[in-house]
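Read the figures in this text as sums done on the coordinates, not as results from a lab. Every value quoted in this text rests on a predicted model; they were computed, and no experiment measured them. FYI the Cβ positions are ideal-geometry reconstructions off the backbone, even for glycines, and counts take in every protein chain you see.
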Amino acid sequence: MKFLLSLPLKSWLAVKIVKRYATLLSITSICALAYSCAPKLYVDEDKRYDAGSLTDAQLDSLHSYLKENERVKLKDTIIIKYDFNNDACWNDLRNQNTAFLNDVRWAFQKNIIDKAAKRPKTSIYQYKEIGKNFSQVKSSGLEIETDSGFLKRLLFKEPTTCGTSAIVLPNGKFLLIKSDPQFSALLLNAKDIEEKLFQNLVKVPK
């Protein structure tokens, strides 16, 4: 993370970079890749969300696991961005030069830093599953930890294109946002989270 912080990146450039890679990761492009990629792509907004509840024992185990992460201090509400091996989500950027990739990575991290500063009671984590086939945007050297398998078994059981985000509340209820390249979980306020939890906890299977 230190080398990223040293980049001479102005705020206007960060916005420009975010807009540029958002365009590169258009839904049309991702859909074309989905057929040759193992993780499932969720495009339908109604199907991107899932919810559930952890038992007290599971929540305690989650807290114990996250306390091992020295980068982030555990707080009341937990938000986790989880990326999967063999994900084609970021393949559009593979031919970009190092400077551009660093700008994209820093813009992504800066967004997390800014959101974390506005949520003093929320811990924001980044994890990826064990594997070697990751885009440089999601490679090591950032604030991205490699999961031992615990989080995948507990919350991220289904591999998804562009990863999945989880919001875990102090009472153990959790909301999953699937195929979440831009970490949109950070955009949901307390009211949004409660509404989506209610909608998905009572969702009747078709």
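Extent of the stretch 95-140 along its three principal axes (Cα atoms, max minus min coordinate, largest first): 38, 26, 10 Å. Taking 0.36 nm per residue of separation and subtracting the current Cα-Cα distance, fully stretching the chain between residue 58 and residue 73 would add 3.5 nm. Once both labels are positioned 7 Å from their Cα atoms along Cα-to-Cβ, the gap between residue 158 and residue 99 label points is 4.2 nm.
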